[in-house]
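Okay, structure first, notes after.
The values are calculated or read from the model by the stated rules, or taken from the named source; none is laboratory data. Note that the coordinates shown come from a computational prediction; the quantities given were computed from them, not determined experimentally. Neighbour counts are summed over all protein chains in view; Cβ atoms, including those assigned to glycine, are modelled from backbone coordinates with ideal geometry.
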Amino acid sequence: MTDIEILRPDFPRGRFRFVLFDFDGTLSLIREGWPQVMIPMMVRVLQETGTSEGEAALTAHVEEFVMRLNGRQTIYQMIQLAEEVKKRGGRPLEPLAYKHEYHARLMRRIQGRLDALTSGQAAPSDWTVPGSATLLTRLQERGLTLYLASGTDEAFVKREAALLDVAKFFEPHIYGALDDYQNFSKKMIIERILKENNLRGEELLGFGDGFVEIEEIKRVGGVAVAVASEEAARQGINAWKRERLARAGADIVIADYRLVDDVMRLLFDV
């Protein structure tokens, strides 16, 4: 499997004016390993309902809906968890309570990474998808306007983007999940970009590693680059991500941004 795969050779090139990036897994690796926190937590919650399903079956089921909803705000995964508890005769907590528990568990996993970045013991390049800063610089130099939209809470996205020294490429267009979750979605951001800037679909370029952002970019006629990053190894294509993102409609699949010259040539015919 090559590090650049063209799924739709006839995609429109070189007309882009705006670019939308997802954050976690697309630029940031700070939250690498989040499924290994969320999925076991949810499996434990479902086991507590007394269901007769085995751990392997529950894990497969939870993984399916967690990854299907990846790219949307975290609260939607927790809403689904509450529904799954109800289906099994349990009494679920409020989705926000599940979200808080998940976040507390995730912070225990990633706090050391945040501390190292804050103190300077780690460099931003240690916790970004390889080549991120170079790609963002090249896109900005071409005069494109960059937007960042994440399903992670907005306050955390802004903090982590600053720690990774990528916030400067996007400000003031950095968006994340809100407590009033119905007032934010990637779909809303995309529609706002098109409406406020009188943009045609082919003038919008998107990069993401989640099903949702790829699907939404394609829905409006944009060009979608799937970043099927191997987050832990920091090299090569993750076959599972690639399959899902191809199914979402991606035009191109890449491993990371190491081959930035090739990516720019492919997108802009330069």
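Can you find a residue in region 23-34 that is small (Gly, Ala, Ser), in contact (Cβ under 8 Å) with a residue 40 or more places away in the chain and touching a Ser or Thr at 6+ places or on another chain (Cβ under 7 Å)? Yes - at least one qualifying residue is present in region 23-34.
Within region 60-85, the set of residues being more than 15 Å from Gln47 (Cβ to Cβ) and either assigned by TED's automatic domain parsing to the domain that holds Leu148 or of a type in the set (A, V, I, L, M, F, W, C) (or both) comprises Phe65, Val66, Met67, Leu69, Ile75, Met78, Ile79, Ala82.
Restricting attention to region 232-245, the residues that are touching a residue at least 24 places away in the same chain (Cβ under 8 Å) and either surrounded by fewer than 18 Cβ atoms within 10 Å (Cβ to Cβ) or in contact with a strand residue (DSSP E or B) (Cβ under 6 Å, 6 or more places away or on another chain) (or both) add up to 7. Among the residues making up region 174-186, a single one is free of Cβ contacts under 8 Å to residues at least 40 places away in the same chain, within 19 Å of Ile214 (Cα to Cα) and of a type outside the set (Ser, Thr, Tyr): Ile174.
Here Leu93 meets each of (1) outside the structural domain of Glu230 (by TED's automatic domain parsing); (2) outside any helix (DSSP H, G or I); (3) in contact (Cβ under 8 Å) with a residue 24 or more places away in the chain with one exception, condition (3). In summary, helices (runs of 4 or more DSSP H) completely within region 166-270 and bearing 2 or more residues that are basic (Lys, Arg) occur at 186-196, 211-219, 239-248.
In this entry, Leu106 is excluded by the filter for residues that are in contact (Cβ under 8 Å) with a residue 24 or more places away in the chain, under 30 Å from Leu259 (Cα atoms) and crowded, with 19+ Cβ neighbours inside 10 Å. Candidates are the residues of region 182-205 that are of a type in the set (D, E, K, R) and buried (at least 18 other Cβ atoms within 10 Å of the Cβ); the one that is farthest from the chain's Cα centre (by Cα) is Glu203.
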